[in-house]
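What follows is a short report on a single structure.
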Amino acid sequence: MNNLGLCLVLQLFLAFGMAGLFWPDKVLPVFDVLMFPWAASYRSVRANSIAAIGLSLLLLISILTGNH
């Protein structure tokens, strides 16, 4: 059951990362709400998307090697 939760988190990170890279204009309003005092930009959406994809790759490596 512990692997199931980790796999779900992995899929969520990957989905949001890919959505931010492919459709930054659709994700930008969400970032405007999340980053309230600062204005969200395409650069911040792209950086967060790349970080989410990187984190999902680290989680995948963790699952495959069994170090969770």
**Fill in**
Calculated from DSSP helices alone, with each H run of at least 4 adding -39500 (n - 2.57) and the total divided by the residues of the chain, [θ]222 nm to the nearest 500 comes to -28000 deg cm²/dmol
**For semi-axes √(5λ) of the Cα gyration tensor in Å, calculated from these coordinates, the label among (1) 28, 21, 5; (2) 27, 11, 10; (3) 21, 11, 11** = (2)
**Item:** FRET E, pair Val30, Leu6, Förster distance 30 Å, beta-carbon r, rounded to 0.05
**Value:** 0.80
**Message:** Test of the criteria: in segment 16-68, which chymotrypsin sites (Phe, Trp or Tyr not before Pro) are in a DSSP loop and have at most 15 other Cβ atoms within 10 angstrom of their Cβ?
**Reply:** Trp38
**Message:** Accessible area per residue for the chain in Å², computed with a 1.4 Å probe and the full protein assembly in place, what is it?
**Reply:** 75
**Message:** At 1.4 Å probe size, with the rest of the protein present, what percent of the exposed accessible area of the chain is carbon and sulfur atoms?
**Reply:** 73
**Message:** Residue by residue through segment 59-65, what is 3J(HN,Hα) from phi via Karplus (6.51 cos²θ - 1.76 cosθ + 1.60, θ = phi - 60°)? Round to whole Hz and write x for glycine and proline.
**Reply:** 5, 5, 4, 5, 5, 5, 8
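The values are calculated or read from the model by the stated rules, or taken from the named source; none is laboratory data. Just so we're clear, the structure is a prediction, and the values are computed from it rather than from any experiment. Cβ: placed from backbone, ideal geometry, glycine included. Neighbour counts: every protein chain shown. To get the accessible areas, we keep the full protein, side chains included, count just its heavy atoms, and leave off ligands, DNA and RNA. Shrake-Rupley method; radii C 1.70, N 1.55, O 1.52, S 1.80 Å.
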